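K.L.:
Got a structure for you, questions after.
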There are 2 protein chains.
Amino acid sequence: MGSASNAELAPLLRKLESIATLSDPAREAVAALPMTVRVVEARHDLARDKDRPTHCCVVLTGWACRCKLLDEGRRQILSFHVPGDIPDLQSLHLKVLDHSLGTVTQCRVGFLPHEALRELSVRFPDAASALWRDTLIDASIFREWMTGIGRRTAHGRIAHIICEMYLKLHAVGLAENDRCPWPVTQTDIGDALGLSNVHVNRVLGDLRAQGLIGPRERDLVILDWDALRALGEFDETYLHMERKAAA
Amino acid sequence: MGSASNAELAPLLRKLESIATLSDPAREAVAALPMTVRVVEARHDLARDKDRPTHCCVVLTGWACRCKLLDEGRRQILSFHVPGDIPDLQSLHLKVLDHSLGTVTQCRVGFLPHEALRELSVRFPDAASALWRDTLIDASIFREWMTGIGRRTAHGRIAHIICEMYLKLHAVGLAENDRCPWPVTQTDIGDALGLSNVHVNRVLGDLRAQGLIGPRERDLVILDWDALRALGEFDETYLHMERKAAA
DNA sequence: CGCTTCTTTGAGCAGCATCAATACTGGTGG
DNA sequence: CCACCAGTATTGATGCTGCTCAAAGAAGCG
């Protein structure tokens with residue numbers, strides 16, 4: 001456990017300022033939020049379905065994801081989260097969690113007491129708006145994923161999520177030069193997109209063979225933006241970004 | 001066009017009180033919101049993708065839906081809306097619409113100026129919480145639909161949406177005795193669940209043959225709740241209702 | 001270097017899409 | 001009152017997309 005500090009909260013501030021404009025007092029109030037920090041190993045739960053959390057989590061480093069578990073091991077990943085995200089901000093107003101939250105990679109995670117966030121919201125309406133807006137963008141991404149899963153081909157879905165994750169990472173300074181971290185397994189991608197891991201593998205193979213993305217390595221390399229955008233019918237409006245990037 | 005009145009706003013109040021608790025002053029402030037009312041015919045747009053609305057819509061009677069349109073006539077319906085719902089509440093904080101909103105049946109629709117809602121939010125924090133909460137439940141339903149489309153069979157998805165719509169209608173007093181209005185076409189259901197209209201027809205036929213729902217008529221009749229719940233793995237937690245029904 | 005996790009590849013198949021034709025239903029006007 | 005019409009529901013035939021099962025490479029890690 002650590003204690004609150006401006007440095008620790010930098011990812012959150014950068015994220016909020018990539019989607020909204022904060023007044024100086026609001027920014028300072030966010031930076032002064034009490035936060036405890038923990039390092040959580042990869043593939044561990046941060047909160048479970050049916051929990052009644054008293055804190056919200058901020059991802060400071062690493063990737064997290066939210067998911068629902070069904071019968072017979074079926075899993076639906078609902079979202080991926082990168083530094084600056086507050087994946088369970090909705091728990092501020094929905095007492096019971098309707099899904100689980102866990103790490104994908106090892107993460108540094110900050111815990112913000114609901115009480116402090118509620119007080120922030122009442123005292124700084126523009127901070128409240130920024131947080132509300134964050135949850136609305138979250139919902140907008142759900143709509144886009146739903147559309148992909150319901151009505152796009154496997155190739156389109158995968159092209160689309162590549163575009164999305166690159167832009168999300170770029171907005172917080174973690175992607176540059178058409179290259180970004182890609183710590184998720186093909187099974188993760190499948191569970192996010194409603195596909196089997198085997199089929200994800202084959203489609204990624206196709207995209208590589210067609211020169212849209214680079215060969216397998218630690219980072220994902222995007223070789224042909226136009227083709228990916230076209231294949232995934234990608235239109236970034238739904239990300240509702242205020243500015244292009246923070247880096 | 002009409003003008004604001006308590007009677008017109010009753011569906012909105014009933015909906016908000018089914019998901020949150022309002023203080024007396026907040027309830028009165030909601031009832032005093034300025035609203036213009038229009039009757040909109042079935043299958044007409046209320047707002048379009050890329051619009052920058054200055055009002056939010058409240059459904060007063062009838063059903064509405066939100067959808068995204070893709071190439072080659074593909075369509076994804078994102079949600080269905082019944083009286084009391086504010087389908088585009090997110091436009092209060094997201095300037096550009098990322099999808100369209102239209103009527104399913106003929107509707108009476110109320111239009112609430114963003115300005116009035118923003119003022120309400122600042123003056124009555126518990127009204128703001130209720131509205132924020134409403135958008136969070138919206139998002140929760142998106143997560144559930146995403147899970148269904150991604151990981152449930154066609155039979156499960158259809159069973160699930162039947163359970164969901166019945167409960168939503170029941171919460172605002174529009175469903176009783178395992179019977180509820182069902183004004184959507186099989187193509188609508190398909191576009192909501194990522195299925196073809198033909199397959200929806202076959203699955204509905206199965207559900208009827210197995211005695212889970214009644215024969216085709218104006219209303220949908222639920223004959224076997226337990227079987228539908230099991231088939232759709234339906235767990236209403238995600239609807240985050242505060243009380244069982246208003247009727 | 002041995003273990004586990006992840007990726008890759010092959011073979012066979014099932015769920016659901018597509019195309020196409022036929023019935024039904026409610027609403028309309030003569 | 002009935003014929004007509006548009007939209008919707010139903011049914012059949014066919015085949016593609018993506019699933020399942022299975023096994024063999026790669027890669028990271030202690």
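K.L.:
Residues in segment B:126-140: is at least one modelled with pLDDT of 95 or more, away from chain A (no Cβ under 14 Å) and touching a helix residue (DSSP H, G or I) at 6+ places or on another chain (Cβ under 8 Å)?
P.N.:
Among the residues of segment B:126-140, not one is modelled with pLDDT of 95 or more, away from chain A (no Cβ under 14 Å) and touching a helix residue (DSSP H, G or I) at 6+ places or on another chain (Cβ under 8 Å), which makes the answer no.
K.L.:
Would you tally the residues in segment A:57-79 being within 13 Å of another protein chain (Cβ to nearest Cβ) and of a type in the set (A, V, I, L, M, F, W, C)? Full working, then the answer.
P.N.:
Residues of segment A:57-79 within 13 Å of another protein chain (Cβ to nearest Cβ): A:65-79.
So of that shortlist, the ones also of a type in the set (A, V, I, L, M, F, W, C) come out as A:65, A:67, A:69-70, A:77-78.
Number of matching residues: 6.
K.L.:
Looking at A:Asp88 and the list (1) farther than 20 Å from B:Leu136 by Cα; (2) crowded, with 20+ Cβ neighbours inside 10 Å, which single condition is not satisfied?
P.N.:
Answer for A:Asp88: the failing condition is (1).
K.L.:
Looking at the structure I just gave you, is B:Arg14 at pLDDT 95 or above and assigned by TED's automatic domain parsing to the domain that holds B:Arg118? Break it down stepwise before answering.
P.N.:
Working: at pLDDT 95 or above: no; assigned by TED's automatic domain parsing to the domain that holds B:Arg118: yes.
Answer is no for this residue.
K.L.:
What is the one condition in (1) at positive phi; (2) within 14 Å of another protein chain (Cβ to nearest Cβ) that B:Leu16 does not satisfy?
P.N.:
(1)
K.L.:
Which is buried (at least 21 other Cβ atoms within 10 Å of the Cβ) and within 16 Å of DNA strand C (Cβ to nearest atom), of B:His155, B:His160?
P.N.:
Working: B:His155 fails: buried (at least 21 other Cβ atoms within 10 Å of the Cβ).
None of the others qualify; the one that does is B:His160.
K.L.:
Is it true that some residue in segment A:145-161 is more than 22 Å from B:Glu72 (Cα to Cα) and not β-branched (Val, Ile, Thr)?
P.N.:
In the first step, residues of segment A:145-161 are kept if they are more than 22 Å from B:Glu72 (Cα to Cα); the result is none.
No; the residues of segment A:145-161 include none that is more than 22 Å from B:Glu72 (Cα to Cα) and not β-branched (Val, Ile, Thr).
K.L.:
Quick check on my filter: what residues within segment B:45-56 are in a loop (DSSP other than H, G, I, E, B) and either surrounded by fewer than 13 Cβ atoms within 10 Å (Cβ to Cβ) or among the charged types (D, E, K, R) (or both)?
P.N.:
Filtering segment B:45-56 for residues in a loop (DSSP other than H, G, I, E, B) gives B:48-54.
Those that are in a loop (DSSP other than H, G, I, E, B) and either surrounded by fewer than 13 Cβ atoms within 10 Å (Cβ to Cβ) or among the charged types (D, E, K, R) (or both): B:Arg48, B:Asp49, B:Lys50, B:Asp51, B:Arg52, B:Thr54.
K.L.:
Oh, and also: Would you check which residues across segment A:211-226 are touching a Phe, Trp or Tyr at 6+ places or on another chain (Cβ under 8 Å) and within 14 Å of DNA strand D (Cβ to nearest atom) and list them?
P.N.:
Of everything in segment A:211-226, those that are touching a Phe, Trp or Tyr at 6+ places or on another chain (Cβ under 8 Å) and within 14 Å of DNA strand D (Cβ to nearest atom) turn out to be A:Arg218, A:Asp219, A:Leu220.
K.L.:
How do the pairs read when you match residues in segment A:150-164 that are at the interface with another protein chain (Cβ under 10 Å from one of its Cβ atoms) with residues anywhere that are more than 16 Å from DNA strand C (Cβ to nearest atom) and assigned to a helix (DSSP H, G or I), using Cβ under 7 Å and keeping only pairs 6 or more apart or on different chains?
P.N.:
A:Arg152/A:His160; A:Gly156/A:Leu231
K.L.:
Just the residues that are away from DNA strand C (no atom under 14 Å from the Cβ) and either of a type in the set (D, E, K, R) or more than 30 Å from B:Trp145 (Cβ to Cβ) (or both), please, taken from segment A:194-224. Write out each step before concluding.
P.N.:
Step one: of segment A:194-224, the residues away from DNA strand C (no atom under 14 Å from the Cβ) are A:211-212, A:222-224.
If the condition is that a residue be away from DNA strand C (no atom under 14 Å from the Cβ) and either of a type in the set (D, E, K, R) or more than 30 Å from B:Trp145 (Cβ to Cβ) (or both), then A:Gly211, A:Leu223, A:Asp224 are the ones that fit.
K.L.:
Also, quick follow-up: For the structure I just gave you, tell me whether B:Arg208 is more than 22 Å from B:Leu78 (Cβ to Cβ) and without any contact (Cβ under 8 Å) to a residue 12 or more places away in the chain.
P.N.:
On the way: more than 22 Å from B:Leu78 (Cβ to Cβ): yes; without any contact (Cβ under 8 Å) to a residue 12 or more places away in the chain: yes.
Criteria met by B:Arg208.
K.L.:
If a residue has to be closer than 19 Å to A:Met241 by Cα and in contact with a strand residue (DSSP E or B) (Cβ under 8 Å, 6 or more places away or on another chain) to count, how many in segment A:169-208 make the cut?
P.N.:
Quick first cut of segment A:169-208, residues closer than 19 Å to A:Met241 by Cα only: A:169-176, A:178, A:180.
Narrowing further to those that are in contact with a strand residue (DSSP E or B) (Cβ under 8 Å, 6 or more places away or on another chain): A:169-170, A:174-175, A:178, A:180.
Residues that pass the stated criteria total 6.
K.L.:
Of everything in segment B:97-125 that's over 14 Å from B:Leu33 (Cβ atoms) and part of a loop (DSSP other than H, G, I, E, B), which residue is farthest from the other protein chains (Cβ to nearest Cβ)?
P.N.:
Here the answer is B:Gln106.
K.L.:
Applying the selection to segment B:187-219, what residues are more than 17 Å from the chain's Cα centre (by Cα) and crowded, with 18+ Cβ neighbours inside 10 Å?
P.N.:
The answer is B:Gly194, B:Leu195, B:Val200, B:Val203, B:Leu204, B:Leu207, B:Leu212, B:Ile213.
K.L.:
Pairs only if they're at least six apart or on different chains, beta carbon under 9 angstrom, first in segment B:109-123 and assigned by TED's automatic domain parsing to the domain that holds B:Ala29 and touching a residue at least 40 places away in the same chain (Cβ under 8 Å), second of a type in the set (Ser, Thr, Tyr) and buried (at least 20 other Cβ atoms within 10 Å of the Cβ); list them, first residue then second.
P.N.:
From residues that are assigned by TED's automatic domain parsing to the domain that holds B:Ala29 and touching a residue at least 40 places away in the same chain (Cβ under 8 Å), the pairs are B:Val109/B:Thr103; B:His114/B:Ser91.
K.L.:
Within segment B:209-219, is even one residue closer than 17 Å to B:Gly62 by Cα and out of contact with any strand residue (DSSP E or B) (no Cβ under 9 Å at 6 or more places or on another chain)? Even if it seems obvious, please write down each step before you answer.
P.N.:
Here is the first cut: in segment B:209-219, the residues closer than 17 Å to B:Gly62 by Cα are B:218-219.
Subset that is out of contact with any strand residue (DSSP E or B) (no Cβ under 9 Å at 6 or more places or on another chain): none.
Among the residues of segment B:209-219, not one is closer than 17 Å to B:Gly62 by Cα and out of contact with any strand residue (DSSP E or B) (no Cβ under 9 Å at 6 or more places or on another chain), which makes the answer no.
The values are calculated or read from the model by the stated rules, or taken from the named source; none is laboratory data. None of the values given here were measured: they were computed from a predicted structure. Glycine also receives a Cβ, built like all others from the backbone with ideal geometry; neighbour counts cover every protein chain displayed.
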